[in-house]
Amino acid sequence: MQYRQIGTTGLSASIIGMGTEWLDRQPYTQVERTIHAALDAGINIMDLFMPGEEVRRNIGRALKGRRDQVMLQGHICSVDLNEQYDISRDPAVCTRYFENLLRFLDTDYIDLGMMFFMDSEEALTQVQENGIYEYMCGLKQKGVVRAIGASSHNPPIARKLVEAGMIDVLMFSINAAFDMTGSGTHVLDTLKNDFSGQDYAGVNPERLALYQLCAQRGVGITVMKPLGAGKLLSPEHSPFAQPMTVGQCIHYALTRPAVASVMVGCRSPEQVQDAVAYLNLTEAEKDYTHALQGERSSMQGSCVYCNHCRPCPVNIDIATVHKYLDIARLDSGNIPPSVRRHYQALDAGGADCLACGECEARCPFGVAVAANMEEAAQLLG
């Protein structure tokens, strides 16, 4: 397994995490086998948003004696009043369900305490004004949660959470189809129909800017919906000329700025193994560029961090340099020291570029690599 830092939290997550939604309403033996398979594979982060008592108790029971091997991403505002899944912003109700989460899991802390489904201005106002966010800050001070986060599918609201300094972690829906969905479309609406019915005109700059902002501000991203509810794997439902594989979907998400872990929903040990098989794929098997080529999804001139440009004769990690450059471009007068340090720690940087043109000849998207390397050296060197 490989691990990445979650922003500036000091926590390190496996690049493949596990979503536990599919363990809801499953027998305990299946829950135990699936969770143990994940832990045995080195997965150390799991998301648990489901509000039901049975699934929470089953997961807690399965983690007995192994709680220290995993970071739990638990949510506040997810409830099942009247035995129906729902969202509440009532402070008393939310507090009760969060305390029940701790009790049912038989733990005294949640690693990542997430404000659930922050997709609207109303939700943002509610948690700020009714005491829910203040409650989460209090839990962090007491060590009951180690980091505060939020889950969202809406770039403008997620951006406001990051800019306000409210969160350490963002759980965001990332896949190639979502990233090419227009700003006026809510990505969850695309899951109700075929992706192929959408109008794609290139990567949504609002979404890319959000990932870059998170990297700039030290907010780590955990990814939900990496497979698009399985539709990206389907020839009938994919918007692309050919469907993506599980490995390509994971790789696409992992190459977005600020992403620490991709949460893949699993209901069985076999599905856990399918997810972690990513670690053994060749670069060719990970290649997702077919999803970003063609008239409807043109990315001409933009680096998508795919590494087709390599090998470099002087061993520049061109995709990584571009990531740091894109972050620096957000505000060249206020580049985070951490970004500059990470760039300067690379074995080779933009100043080492020979402008030989080999990378530009290989790039599927016509990126002006040599000019960008020169700019990176100026801004970050």
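The values are calculated or read from the model by the stated rules, or taken from the named source; none is laboratory data. In this text, all values refer to a predicted model and were calculated from it rather than measured experimentally. Cβ: placed from backbone, ideal geometry, glycine included. Neighbour counts: every protein chain shown. We work out accessible area using only protein heavy atoms, side chains counted, and drop any ligands, DNA or RNA first. Shrake-Rupley method; radii C 1.70, N 1.55, O 1.52, S 1.80 Å.
Before moving on, here are some points about what is shown:
- Short-range pairs are left out: with C-alpha atoms under 8 Å and at least six residues apart, the relative contact order of region 253-377 is 25 percent.
- Rolling a 1.4 Å probe across the protein heavy atoms gives the chain an accessible surface of 42 Å² per residue.
- For A37, net neighbour charge (Lys/Arg +1, Asp/Glu -1) across residues whose Cβ lies under 14 Å away: -1
- For the chain, averaging the sequence separation of C-alpha pairs within contact (under 8 Å, six or more residues apart) and dividing by the residue count gives a relative contact order of 15 percent.
- Taking 4.7 Å between C-beta atoms as the pairing limit, the chain has these partnerless cysteines: C77, C94, C137, C214, C249, C266, C303, C306, C312, C353, C356, C363.
- Point-charge dipole on Cβ atoms (K/R +1, D/E -1) for region 226-381, about Cα centre, debye to 20: 380
- Cα long-axis angle, helix 91-105 against the chain (0 to 90 degrees, to the nearest 10): 90
- Amide H contacts of S173 (H built 1.01 Å from N, under 5 Å, at least 5 apart or other chain): S152, M224
- Mean sequence separation of contacting Cα pairs (under 8 Å, at least six apart), scaled by the length of region 74-132, corresponds to a relative contact order of 41 percent.
- Residue-averaged 222 nm ellipticity for the chain, from DSSP H runs of 4+ at -39500 (n - 2.57), nearest 500: -11000 deg cm²/dmol
- Largest GNM mean-square fluctuation among A13, A275, A355, using the chain with Cα springs under 10 Å: A355.
- From the coordinates of this entry, Rg/Rh (Cα atoms, Kirkwood Rh) is computed, and it appears in [x] 0.97; [y] 1.36; [z] 1.18 under the label [x].
- Surface share of carbon and sulfur [accessible, 1.4 angstrom probe, percent] for the chain: 46
- Positive-end residue of T107, L233, M244, charge dipole of the chain with Cβ unit charges: T107
- Against the main long axis of the alpha-carbon atoms of the chain, helix 132-142 sits at an angle near 90°.
- Net charge over other residues, Cβ less than 13 angstrom from the Cβ of I76 (K, R count +1; D, E count -1): 0
- For the chain, the longest principal axis of the alpha carbon atoms and the long axis of helix 53-62 meet at an angle near 70°.
- Each Lys and Arg Cβ is given +1 and each Asp and Glu Cβ -1; about its Cα centre, the chain then shows a dipole of about 680 debye.
- Net +/- balance of residues flanking A150 in space, Cβ distance below 12 Å, scoring K and R +1, D and E -1: 0
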